[in-house]
Protein chains: 4
Amino acid sequence: MSNHVIVEITVVPLGTGATSLSSYVAGVEKVLEKYKNIKTMLTPMSTILEGDLEEILAAAREMHEAPFLKGAKRVSTRINIDDRRDKAITMEGKMEAVKAKL
Amino acid sequence: MSNHVIVEITVVPLGTGATSLSSYVAGVEKVLEKYKNIKTMLTPMSTILEGDLEEILAAAREMHEAPFLKGAKRVSTRINIDDRRDKAITMEGKMEAVKAKL
Amino acid sequence: MSNHVIVEITVVPLGTGATSLSSYVAGVEKVLEKYKNIKTMLTPMSTILEGDLEEILAAAREMHEAPFLKGAKRVSTRINIDDRRDKAITMEGKMEAVKAKL
Amino acid sequence: MSNHVIVEITVVPLGTGATSLSSYVAGVEKVLEKYKNIKTMLTPMSTILEGDLEEILAAAREMHEAPFLKGAKRVSTRINIDDRRDKAITMEGKMEAVKAKL
């Protein structure tokens, strides 16, 4: 049984000594290359994932680890899960439903 | 003095009796039409705003109010502010910096 | 190898038709009874957990499921992980460090 | 007309070069001393405020500014608002409602 969800993830290293974090973020994104079944969208504030909940949680766990592999000593990760089970939700579908009402 | 920031906002009505929330989200989005100086991006999980911090906080306050005007009795709003002052940040610039490192 | 972290979790059912959510929250809390190695703190906005990261993520997965077992059709879960590896962090320690500086 | 809400705030400086952030957090807390009408609770992951929404948003704006006054160049602030209008909510009341159902 698969459980299709949309999840937003932001992984931020703390105390790095430089205000620019893009190289860390790139490392976090690279984790996703091997998750072929997860649809991803990069936004200016997060990465949004669509797919099976268990697979996404495994990816999130690995994304959280990425900055440590680049030398970070403290990482703050926030995860928002949107899980709707009466109807399939997709990233496209959610945005179209809003736009249709504007 | 203006303070240019990127802010992510998600406004969710609780206890509405229907799992679909897109009509509420559309009401939240409509608030932004009059804020001509704020750049906006709709994502499947949030609205991202770029512009002056004080103006965005005023918009956020009004976005939070929108579902009540449609009958909601309880609203949960989350706001994430990214405020960098050693260098101007833009939504485009943040995403390009990550992509350049991928 | 265990990785000691502090994690904040809020699990909210959407579209339930009633603004009061405390019975759902109680169901989410009950999940934690069997996780004997996780230290928990209930706050007015979340549950804060301290312990091994993998064990906490397993508990978070189960907490997210709890409202569905009570009939919810859509659940929004937010998770914030604070993972510091240069020094052990505890809930008590973090609060004392702040209070000592006030 | 006052609008009584509960708001959770976490203010985090980025790129500070040290993993310990407690002196910054203490600076953020000090802002609250002058807001006599706002009830506050420090948790290991945030500060929770109870009071009038407009007053809390003014305090949040000032809390967000505090790390810059201590030299931070980038600040990430997250704010979660719980605003229920069919019934007054308090920090105590929310926790008691959950505990009564456990």
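The values are calculated or read from the model by the stated rules, or taken from the named source; none is laboratory data. For clarity, every value in this text was computed on a predicted model and none was experimentally measured. Quick reminder, even Gly has a Cβ in these numbers, built from the backbone with ideal geometry, and neighbours come from all protein chains shown.
Conditions (1) in contact (Cβ under 8 Å) with a residue 40 or more places away in the chain; (2) more than 7 Å from every other protein chain (Cβ to nearest Cβ), marked per residue:
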site	(1), (2)
C:Val5	yes, yes
C:Val31	no, yes
C:Pro44	no, no
C:Lys99	no, yes
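Among residues that are surrounded by fewer than 18 Cβ atoms within 10 Å (Cβ to Cβ) and under 20 Å from B:Met63 (Cα atoms), D:Asn3 is included. Entry remark, region A:16-31: residues being buried (at least 21 other Cβ atoms within 10 Å of the Cβ) and within 10 Å of the chain's Cα centre (by Cα) number 1 in total.
Inside region C:67-94, can you point out the residues that are hydrophobic (A, V, I, L, M, F, W, C) and surrounded by 22 or more Cβ atoms within 10 Å (Cβ to Cβ)? Result: C:Ala72, C:Val75, C:Ile79, C:Ile81.
A quick yes/no check of all residues on (1) charged (D, E, K, R); (2) over 17 Å from B:Lys94 (Cα atoms); (3) modelled with pLDDT of 95 or more:
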residue	(1), (2), (3)
B:Ile9	no, yes, yes
B:Tyr24	no, yes, yes
B:Val28	no, yes, yes
B:Lys39	yes, no, yes
B:Thr43	no, no, yes
B:Glu50	yes, no, yes
B:Ile56	no, yes, yes
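Please pick out the residue among D:Asp83, D:Asp52 that is over 13 Å from the mean Cα position of the chain (by Cα) and of a type in the set (Asp, Glu). So that I can check it myself, show each step before the final result.
Values: D:Asp52 fails: over 13 Å from the mean Cα position of the chain (by Cα).
After ruling out the rest, the residue left standing is D:Asp83.
Candidates in region A:67-97 are the residues that are more than 7 Å from every other protein chain (Cβ to nearest Cβ) and of a type in the set (Gly, Ala, Ser); of these, the one that is nearest to A:Val12 (Cα to Cα) is A:Ala72. Among all positions in region B:68-84, there is at least one residue which is closer than 26 Å to D:Arg74 by Cα, modelled with pLDDT of 95 or more and among the hydrophobic types (A, V, I, L, M, F, W, C). Inside region B:46-78, can you point out the residues that are in contact with a Leu (Cβ under 6 Å, 6 or more places away or on another chain) and either of a type in the set (Lys, Arg) or touching a residue at least 60 places away in the same chain (Cβ under 8 Å) (or both)? B:Arg74, B:Ser76, listed by residue number. Does B:Glu62 meet the test of being among the charged types (D, E, K, R), more than 8 Å from chain A (Cβ to nearest Cβ) and either buried (at least 16 other Cβ atoms within 10 Å of the Cβ) or closer than 22 Å to D:Leu53 by Cβ (or both)? Taking the combined requirement at face value, the residue satisfies it.
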